[in-house]
Amino acid sequence: MEKKLEGLLAKLYRNSHLEKPELLYLLEKITYQRAGLLFAYARKTRVKTYKRRVYLRALVEFSNHCRNNCWYCGLRRDNKKVARYRLLPEAILACCSSAYQAGYRTVVLQSGEDEFYAATVLADLIQTIKKECPGMAVTLSTGEAPREKYYRLYRAGADRFLLRHETISTDLYERYHPGMNHEQRLQCLKELKEIGYQTGAGFIVGLPGQTDAVLAEELLFLKEFDPDMVGIGPLIPHPETPLGNSSAGSVEKTFILLALIRLLLPEVLLPVTTAVNTLDRHGWEKGLAAGANVIMPVVSPAECRRKYEIYKDKSGVDYAALPEIKRRVEKAGFELDMSRGDSYSYKRLRSAERSG
Ligand code: 5AD
Ligand code: SF4
(Lines give C-alpha, C1' and ligand atoms only; values in the text may rest on other atoms or scores of the structure.)
(Ligands and ions follow the chains in the order given, each with its own letter.)
Protein backbone atom coordinates (compact mmCIF):
# COMPACT_ATOMS: atom_id res chain seq x y z
CA MET A 1 0.00 0.00 0.00
CA GLU A 2 1.34 3.38 -0.87
CA LYS A 3 2.98 5.46 1.83
CA LYS A 4 0.50 8.36 1.73
CA LEU A 5 -2.44 6.05 2.36
CA GLU A 6 -0.68 4.28 5.21
CA GLY A 7 0.26 7.60 6.73
CA LEU A 8 -3.31 8.90 6.60
CA LEU A 9 -4.71 5.73 8.16
CA ALA A 10 -2.16 5.89 10.98
CA LYS A 11 -3.05 9.53 11.55
CA LEU A 12 -6.77 8.76 11.59
CA TYR A 13 -6.20 5.94 14.05
CA ARG A 14 -4.13 8.21 16.28
CA ASN A 15 -6.25 11.37 16.18
CA SER A 16 -9.76 10.10 15.41
CA HIS A 17 -9.91 12.93 12.94
CA LEU A 18 -8.89 13.91 9.41
CA GLU A 19 -9.47 16.96 7.26
CA LYS A 20 -11.90 16.74 4.37
CA PRO A 21 -9.27 16.43 1.59
CA GLU A 22 -7.62 13.60 3.55
CA LEU A 23 -10.90 11.72 3.98
CA LEU A 24 -11.68 12.28 0.35
CA TYR A 25 -8.30 10.83 -0.60
CA LEU A 26 -9.03 7.70 1.45
CA LEU A 27 -12.52 7.36 -0.02
CA GLU A 28 -11.18 7.62 -3.54
CA LYS A 29 -8.20 5.33 -3.07
CA ILE A 30 -9.28 2.50 -0.80
CA THR A 31 -10.94 -0.50 -2.38
CA TYR A 32 -12.33 -3.38 -0.36
CA GLN A 33 -9.47 -5.61 -1.52
CA ARG A 34 -6.92 -3.07 -0.32
CA ALA A 35 -8.68 -2.19 2.93
CA GLY A 36 -6.84 -4.69 5.18
CA LEU A 37 -4.96 -2.02 7.10
CA LEU A 38 -8.08 0.13 7.48
CA PHE A 39 -10.08 -2.79 8.87
CA ALA A 40 -7.21 -3.76 11.18
CA TYR A 41 -7.12 -0.24 12.67
CA ALA A 42 -10.92 -0.23 12.99
CA ARG A 43 -10.88 -3.58 14.83
CA LYS A 44 -8.07 -2.43 17.09
CA THR A 45 -10.12 0.64 17.96
CA ARG A 46 -13.28 -1.32 18.71
CA VAL A 47 -11.33 -3.76 20.87
CA LYS A 48 -9.92 -0.81 22.84
CA THR A 49 -13.40 0.60 23.46
CA TYR A 50 -15.74 -2.41 23.45
CA LYS A 51 -13.44 -5.44 23.64
CA ARG A 52 -14.94 -8.14 21.44
CA ARG A 53 -18.49 -7.57 22.63
CA VAL A 54 -21.42 -7.46 20.24
CA TYR A 55 -24.70 -5.95 21.40
CA LEU A 56 -28.10 -7.09 20.25
CA ARG A 57 -31.22 -5.05 19.50
CA ALA A 58 -34.59 -6.68 18.89
CA LEU A 59 -36.25 -4.82 16.02
CA VAL A 60 -40.05 -4.60 16.05
CA GLU A 61 -41.50 -3.17 12.85
CA PHE A 62 -44.89 -2.19 14.18
CA SER A 63 -46.46 -0.21 11.33
CA ASN A 64 -45.65 0.18 7.64
CA HIS A 65 -47.92 3.18 7.10
CA CYS A 66 -46.01 6.30 6.16
CA ARG A 67 -47.01 9.85 5.34
CA ASN A 68 -43.76 10.51 3.46
CA ASN A 69 -42.75 9.77 -0.06
CA CYS A 70 -39.01 9.14 0.00
CA TRP A 71 -37.79 8.22 -3.47
CA TYR A 72 -36.03 5.04 -2.42
CA CYS A 73 -38.42 3.47 0.08
CA GLY A 74 -41.06 0.83 -0.59
CA LEU A 75 -43.17 2.16 2.28
CA ARG A 76 -43.59 5.57 0.58
CA ARG A 77 -47.19 6.71 0.55
CA ASP A 78 -47.54 6.53 -3.25
CA ASN A 79 -46.75 2.81 -3.30
CA LYS A 80 -50.23 1.37 -3.52
CA LYS A 81 -48.91 -2.16 -3.95
CA VAL A 82 -47.75 -2.67 -0.42
CA ALA A 83 -50.26 -4.24 2.00
CA ARG A 84 -50.37 -1.90 4.97
CA TYR A 85 -50.59 -3.09 8.56
CA ARG A 86 -50.50 -1.73 12.07
CA LEU A 87 -49.80 -3.70 15.23
CA LEU A 88 -51.93 -2.71 18.19
CA PRO A 89 -50.15 -1.85 21.42
CA GLU A 90 -50.98 -5.27 22.94
CA ALA A 91 -49.33 -7.02 19.99
CA ILE A 92 -46.28 -4.76 20.19
CA LEU A 93 -46.03 -5.49 23.89
CA ALA A 94 -46.28 -9.23 23.22
CA CYS A 95 -43.34 -8.96 20.79
CA CYS A 96 -41.30 -7.04 23.34
CA SER A 97 -42.09 -9.54 26.09
CA SER A 98 -41.01 -12.52 24.04
CA ALA A 99 -37.82 -10.73 23.03
CA TYR A 100 -37.26 -9.99 26.71
CA GLN A 101 -37.77 -13.62 27.66
CA ALA A 102 -35.33 -14.65 24.96
CA GLY A 103 -32.76 -12.41 26.64
CA TYR A 104 -32.86 -9.16 24.67
CA ARG A 105 -32.37 -6.01 26.74
CA THR A 106 -33.01 -3.48 23.98
CA VAL A 107 -36.06 -3.27 21.81
CA VAL A 108 -36.25 -0.95 18.79
CA LEU A 109 -39.77 0.14 17.93
CA GLN A 110 -39.69 1.12 14.27
CA SER A 111 -42.40 2.33 11.88
CA GLY A 112 -43.04 4.63 8.96
CA GLU A 113 -44.15 8.13 9.92
CA ASP A 114 -47.59 7.05 11.07
CA GLU A 115 -49.66 9.58 12.98
CA PHE A 116 -52.09 6.84 14.02
CA TYR A 117 -49.94 6.33 17.11
CA ALA A 118 -50.53 9.46 19.17
CA ALA A 119 -48.08 10.51 21.85
CA THR A 120 -50.41 9.24 24.60
CA VAL A 121 -50.67 5.79 23.03
CA LEU A 122 -46.92 5.46 22.59
CA ALA A 123 -46.21 6.89 26.06
CA ASP A 124 -48.55 4.31 27.64
CA LEU A 125 -46.94 1.56 25.62
CA ILE A 126 -43.43 2.60 26.65
CA GLN A 127 -44.45 2.71 30.31
CA THR A 128 -46.00 -0.73 30.07
CA ILE A 129 -42.91 -2.18 28.39
CA LYS A 130 -40.75 -0.68 31.12
CA LYS A 131 -42.98 -2.22 33.78
CA GLU A 132 -43.33 -5.66 32.25
CA CYS A 133 -39.74 -5.94 31.05
CA PRO A 134 -37.61 -4.45 33.84
CA GLY A 135 -34.20 -3.30 32.63
CA MET A 136 -35.17 -3.23 28.97
CA ALA A 137 -33.94 -0.22 26.98
CA VAL A 138 -36.51 1.20 24.58
CA THR A 139 -35.32 2.71 21.31
CA LEU A 140 -37.74 4.56 19.04
CA SER A 141 -37.37 4.84 15.28
CA THR A 142 -40.59 6.51 14.22
CA GLY A 143 -39.41 9.51 12.23
CA GLU A 144 -39.86 13.22 12.63
CA ALA A 145 -42.14 14.66 15.28
CA PRO A 146 -42.60 17.92 17.17
CA ARG A 147 -40.27 18.48 20.06
CA GLU A 148 -43.15 18.09 22.56
CA LYS A 149 -43.85 14.57 21.33
CA TYR A 150 -40.19 13.60 21.54
CA TYR A 151 -40.09 15.05 25.04
CA ARG A 152 -43.22 13.28 26.17
CA LEU A 153 -41.96 9.90 24.98
CA TYR A 154 -38.64 10.51 26.66
CA ARG A 155 -40.42 11.29 29.90
CA ALA A 156 -42.43 8.08 29.48
CA GLY A 157 -39.14 6.17 29.56
CA ALA A 158 -37.83 5.93 25.99
CA ASP A 159 -34.04 5.76 26.14
CA ARG A 160 -32.85 6.11 22.58
CA PHE A 161 -33.98 7.42 19.22
CA LEU A 162 -32.79 6.53 15.73
CA LEU A 163 -33.37 9.15 13.06
CA ARG A 164 -31.07 8.85 10.11
CA HIS A 165 -30.31 12.19 8.51
CA GLU A 166 -30.24 10.15 5.23
CA THR A 167 -27.78 12.54 3.56
CA ILE A 168 -25.94 15.70 4.58
CA SER A 169 -26.29 17.18 1.08
CA THR A 170 -29.26 19.57 1.10
CA ASP A 171 -29.46 19.20 -2.64
CA LEU A 172 -29.73 15.39 -2.54
CA TYR A 173 -31.99 15.47 0.51
CA GLU A 174 -34.46 17.74 -1.22
CA ARG A 175 -34.32 15.76 -4.44
CA TYR A 176 -35.21 12.44 -2.79
CA HIS A 177 -37.54 13.61 0.00
CA PRO A 178 -40.37 15.56 -1.64
CA GLY A 179 -42.17 17.83 0.80
CA MET A 180 -39.53 17.33 3.48
CA ASN A 181 -37.01 19.83 4.72
CA HIS A 182 -33.36 19.14 5.37
CA GLU A 183 -32.98 21.80 8.00
CA GLN A 184 -35.95 20.41 9.90
CA ARG A 185 -34.45 16.92 9.78
CA LEU A 186 -31.22 18.15 11.32
CA GLN A 187 -33.18 20.21 13.83
CA CYS A 188 -35.03 17.04 14.95
CA LEU A 189 -31.71 15.31 15.54
CA LYS A 190 -30.47 18.24 17.57
CA GLU A 191 -33.61 18.27 19.69
CA LEU A 192 -33.45 14.54 20.36
CA LYS A 193 -29.95 14.97 21.66
CA GLU A 194 -30.86 18.02 23.75
CA ILE A 195 -33.79 16.21 25.32
CA GLY A 196 -31.42 13.50 26.49
CA TYR A 197 -32.02 10.58 24.17
CA GLN A 198 -29.10 8.44 23.11
CA THR A 199 -29.36 9.53 19.52
CA GLY A 200 -28.62 7.72 16.28
CA ALA A 201 -27.96 9.41 12.94
CA GLY A 202 -26.91 7.86 9.64
CA PHE A 203 -27.05 7.90 5.88
CA ILE A 204 -27.78 5.80 2.82
CA VAL A 205 -24.77 4.67 0.81
CA GLY A 206 -25.08 4.95 -2.97
CA LEU A 207 -27.89 7.43 -3.51
CA PRO A 208 -27.56 8.52 -7.15
CA GLY A 209 -25.49 11.71 -7.18
CA GLN A 210 -23.69 10.92 -3.91
CA THR A 211 -20.03 11.49 -4.77
CA ASP A 212 -17.02 10.70 -2.60
CA ALA A 213 -16.97 14.40 -1.74
CA VAL A 214 -20.50 14.07 -0.33
CA LEU A 215 -19.44 10.94 1.58
CA ALA A 216 -16.54 12.87 3.10
CA GLU A 217 -19.07 15.44 4.26
CA GLU A 218 -21.30 12.71 5.70
CA LEU A 219 -18.34 11.54 7.76
CA LEU A 220 -17.42 15.03 8.92
CA PHE A 221 -21.01 15.73 9.88
CA LEU A 222 -21.09 12.57 12.01
CA LYS A 223 -17.82 13.56 13.64
CA GLU A 224 -19.20 16.97 14.51
CA PHE A 225 -22.66 15.84 15.62
CA ASP A 226 -21.12 13.07 17.69
CA PRO A 227 -24.14 10.74 17.86
CA ASP A 228 -24.35 7.79 20.26
CA MET A 229 -25.26 5.48 17.38
CA VAL A 230 -24.76 5.49 13.62
CA GLY A 231 -26.79 3.45 11.13
CA ILE A 232 -25.71 3.28 7.51
CA GLY A 233 -26.65 0.92 4.71
CA PRO A 234 -26.44 0.59 0.92
CA LEU A 235 -29.35 1.66 -1.27
CA ILE A 236 -31.37 -1.33 -2.42
CA PRO A 237 -33.60 -0.16 -5.27
CA HIS A 238 -37.25 -1.03 -4.76
CA PRO A 239 -39.12 -1.56 -8.05
CA GLU A 240 -42.20 0.38 -6.97
CA THR A 241 -40.24 3.57 -6.29
CA PRO A 242 -38.75 6.34 -8.44
CA LEU A 243 -35.28 4.90 -7.74
CA GLY A 244 -36.40 1.44 -8.86
CA ASN A 245 -34.03 1.39 -11.83
CA SER A 246 -31.00 2.83 -10.07
CA SER A 247 -28.00 0.68 -9.24
CA ALA A 248 -27.70 -0.67 -5.73
CA GLY A 249 -25.31 1.02 -3.32
CA SER A 250 -21.99 -0.75 -2.88
CA VAL A 251 -21.90 -3.06 0.09
CA GLU A 252 -18.08 -3.03 -0.04
CA LYS A 253 -18.05 0.76 0.15
CA THR A 254 -20.38 0.41 3.13
CA PHE A 255 -17.83 -1.77 4.96
CA ILE A 256 -15.14 0.83 4.23
CA LEU A 257 -17.41 3.57 5.58
CA LEU A 258 -18.20 1.52 8.71
CA ALA A 259 -14.47 1.26 9.39
CA LEU A 260 -13.92 4.98 8.82
CA ILE A 261 -16.81 5.78 11.18
CA ARG A 262 -15.33 3.49 13.85
CA LEU A 263 -12.04 5.38 13.55
CA LEU A 264 -13.66 8.83 13.61
CA LEU A 265 -15.99 7.94 16.51
CA PRO A 266 -14.20 5.22 18.49
CA GLU A 267 -17.01 4.87 21.06
CA VAL A 268 -19.99 4.91 18.75
CA LEU A 269 -22.54 2.09 18.70
CA LEU A 270 -22.37 0.89 15.14
CA PRO A 271 -24.80 -1.72 13.82
CA VAL A 272 -24.48 -3.91 10.78
CA THR A 273 -27.82 -2.96 9.28
CA THR A 274 -30.34 -5.17 7.51
CA ALA A 275 -29.53 -3.65 4.10
CA VAL A 276 -25.91 -4.81 4.44
CA ASN A 277 -27.04 -8.26 5.42
CA THR A 278 -29.47 -8.38 2.53
CA LEU A 279 -26.83 -7.70 -0.11
CA ASP A 280 -24.20 -9.93 1.51
CA ARG A 281 -25.06 -13.14 3.32
CA HIS A 282 -21.94 -12.75 5.40
CA GLY A 283 -22.90 -9.17 6.19
CA TRP A 284 -22.81 -9.57 9.97
CA GLU A 285 -19.38 -11.19 9.93
CA LYS A 286 -17.83 -8.70 7.50
CA GLY A 287 -19.44 -5.75 9.26
CA LEU A 288 -18.06 -6.88 12.63
CA ALA A 289 -14.64 -7.32 11.05
CA ALA A 290 -14.87 -3.72 9.80
CA GLY A 291 -15.54 -2.28 13.27
CA ALA A 292 -19.30 -2.62 13.78
CA ASN A 293 -20.43 -3.77 17.22
CA VAL A 294 -24.22 -4.12 17.11
CA ILE A 295 -26.61 -6.44 15.30
CA MET A 296 -30.34 -5.92 15.05
CA PRO A 297 -32.33 -9.09 14.49
CA VAL A 298 -35.94 -8.52 13.43
CA VAL A 299 -38.38 -10.04 15.90
CA SER A 300 -41.74 -8.83 14.55
CA PRO A 301 -44.28 -11.49 13.49
CA ALA A 302 -43.60 -13.18 10.13
CA GLU A 303 -46.49 -11.52 8.28
CA CYS A 304 -45.23 -8.06 9.33
CA ARG A 305 -41.70 -8.82 8.19
CA ARG A 306 -42.96 -9.63 4.75
CA LYS A 307 -44.96 -6.43 4.50
CA TYR A 308 -42.30 -4.15 5.99
CA GLU A 309 -40.85 -3.85 2.58
CA ILE A 310 -38.48 -0.89 2.64
CA TYR A 311 -36.77 -2.83 -0.15
CA LYS A 312 -37.33 -6.25 -1.70
CA ASP A 313 -35.89 -9.50 -0.33
CA LYS A 314 -35.05 -8.09 3.06
CA SER A 315 -32.48 -10.32 4.60
CA GLY A 316 -33.69 -13.71 5.82
CA VAL A 317 -30.72 -14.02 8.15
CA ASP A 318 -31.92 -11.09 10.24
CA TYR A 319 -34.69 -13.30 11.56
CA ALA A 320 -32.35 -15.94 12.95
CA ALA A 321 -32.92 -17.32 16.43
CA LEU A 322 -30.48 -16.47 19.19
CA PRO A 323 -28.43 -19.70 19.19
CA GLU A 324 -27.75 -19.24 15.47
CA ILE A 325 -26.77 -15.61 16.01
CA LYS A 326 -24.49 -16.61 18.86
CA ARG A 327 -22.84 -19.26 16.71
CA ARG A 328 -22.18 -16.82 13.88
CA VAL A 329 -20.89 -14.07 16.16
CA GLU A 330 -18.53 -16.46 17.97
CA LYS A 331 -17.32 -18.03 14.78
CA ALA A 332 -16.41 -14.53 13.60
CA GLY A 333 -14.28 -14.15 16.73
CA PHE A 334 -16.63 -12.02 18.84
CA GLU A 335 -18.90 -12.62 21.82
CA LEU A 336 -22.56 -11.73 22.42
CA ASP A 337 -23.19 -9.28 25.21
CA MET A 338 -26.80 -9.46 26.36
CA SER A 339 -26.70 -6.29 28.47
CA ARG A 340 -28.46 -3.07 27.42
CA GLY A 341 -25.37 -1.80 25.65
CA ASP A 342 -25.75 1.89 26.45
CA SER A 343 -23.47 4.43 24.83
CA TYR A 344 -20.36 5.65 26.63
CA SER A 345 -21.56 9.24 26.84
CA TYR A 346 -24.79 8.04 28.49
CA LYS A 347 -22.88 5.94 31.00
CA ARG A 348 -20.57 8.84 31.82
CA LEU A 349 -23.56 11.10 32.36
CA ARG A 350 -25.22 8.59 34.69
CA SER A 351 -22.09 8.05 36.75
CA ALA A 352 -21.54 11.82 37.02
CA GLU A 353 -25.13 12.16 38.26
CA ARG A 354 -24.62 9.43 40.82
CA SER A 355 -21.41 10.93 42.17
CA GLY A 356 -22.54 14.56 41.94
N1 5AD B 1 -32.56 0.87 0.49
C2 5AD B 1 -31.76 1.07 1.56
N3 5AD B 1 -32.14 1.70 2.67
C4 5AD B 1 -33.41 2.15 2.71
N5 5AD B 1 -34.08 2.81 3.68
C6 5AD B 1 -35.33 3.04 3.24
N7 5AD B 1 -35.48 2.54 2.00
C8 5AD B 1 -34.29 2.00 1.64
C9 5AD B 1 -33.84 1.31 0.48
N10 5AD B 1 -34.61 1.10 -0.56
C11 5AD B 1 -33.47 3.17 4.96
C12 5AD B 1 -33.60 4.65 5.30
C13 5AD B 1 -34.41 4.66 6.57
C14 5AD B 1 -34.14 3.29 7.13
C15 5AD B 1 -35.14 2.80 8.12
O16 5AD B 1 -34.11 2.47 5.99
O17 5AD B 1 -32.30 5.16 5.56
O18 5AD B 1 -34.03 5.67 7.46
FE1 SF4 C 1 -41.43 6.69 5.25
FE2 SF4 C 1 -39.04 6.21 6.37
FE3 SF4 C 1 -39.75 5.03 4.09
FE4 SF4 C 1 -39.24 7.63 4.07
S5 SF4 C 1 -37.75 5.98 4.56
S6 SF4 C 1 -41.00 6.63 3.09
S7 SF4 C 1 -40.02 8.24 6.07
S8 SF4 C 1 -40.70 4.72 6.06
message: Quick test for you: out of VAL54, VAL47, VAL82, VAL60, pick the one residue that is within 24 Å of LEU269 (Cβ to Cβ) and within 16 Å of ligand 2 (Cβ to nearest atom).
response: VAL60
Condition check for ALA248: assigned to a loop (DSSP other than H, G, I, E, B) and in contact (Cβ under 8 Å) with a residue 40 or more places away in the chain: yes
Enumeration of residues in region 224-237 that are more than 15 Å from GLY200 (Cβ to Cβ) and touching a residue at least 60 places away in the same chain (Cβ under 8 Å): LEU235, ILE236, PRO237
Members of region 98-149 that are without any contact (Cβ under 8 Å) to a residue 12 or more places away in the chain and under 17 Å from LEU59 (Cβ atoms): GLN101
query: Do we find that ASN15 is polar (S, T, N, Q), surrounded by fewer than 23 Cβ atoms within 10 Å (Cβ to Cβ) and over 17 Å from ILE261 (Cβ atoms) in this structure?
result: no
- prompt: How many of the residues in region 42-61 are closer than 18 Å to ALA102 by Cβ and assigned to a loop (DSSP other than H, G, I, E, B)?
  reply: 1
- prompt: Checking GLU285 against (1) assigned to a loop (DSSP other than H, G, I, E, B); (2) of a type outside the set (Val, Ile, Thr); (3) at pLDDT 90 or above; (4) surrounded by 15 or more Cβ atoms within 10 Å (Cβ to Cβ), which test does it fail?
  reply: (1)
task: Kindly list the number of the only condition in (1) over 30 Å from LEU235 (Cβ atoms); (2) under 19 Å from the mean Cα position of the chain (by Cα) that fails for GLU90.
output: (2)
query: Quick check: anything in region 44-57 within 16 Å of ligand 1 (Cβ to nearest atom), surrounded by 22 or more Cβ atoms within 10 Å (Cβ to Cβ) and within 20 Å of the chain's Cα centre (by Cα)?
result: yes
task: Could you tell me which residue of region 335-356 is farthest from the chain's Cα centre (by Cα), considering only residues that are loosely packed, with under 14 Cβ neighbours inside 10 Å and in contact (Cβ under 8 Å) with a residue 60 or more places away in the chain?
output: GLU335
field: Residue under evaluation THR49, criteria (1) touching a Pro at 6+ places or on another chain (Cβ under 9 Å); (2) modelled with pLDDT under 95, criterion not met
entry: (2)
Identity of the residue in region 27-40, buried (at least 19 other Cβ atoms within 10 Å of the Cβ) and within 23 Å of the chain's Cα centre (by Cα), that ends up farthest from GLU224 (Cα to Cα): ALA35
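A quick yes/no check of all residues on (1) surrounded by fewer than 23 Cβ atoms within 10 Å (Cβ to Cβ); (2) away from ligand 2 (no atom under 15 Å from the Cβ):
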residue	(1), (2)
PHE203	no, no
PRO208	yes, yes
GLY233	no, no
GLY249	no, no
GLU252	yes, yes
PHE255	no, yes
query: Would you pick out the residues in region 88-104 that are surrounded by fewer than 21 Cβ atoms within 10 Å (Cβ to Cβ) and either outside any helix (DSSP H, G or I) or within 16 Å of ligand 2 (Cβ to nearest atom) (or both)?
result: LEU88, GLY103
message: Just to be sure I understand, how many residues within region 115-137 are buried (at least 16 other Cβ atoms within 10 Å of the Cβ) and not β-branched (Val, Ile, Thr)?
response: 9
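The values are calculated or read from the model by the stated rules, or taken from the named source; none is laboratory data. Keep in mind that this is a model prediction, so the values were computed, not measured. Methodologically, a virtual Cβ is constructed for each residue, glycine included, from the backbone with ideal geometry; neighbour enumeration extends over all protein chains shown.
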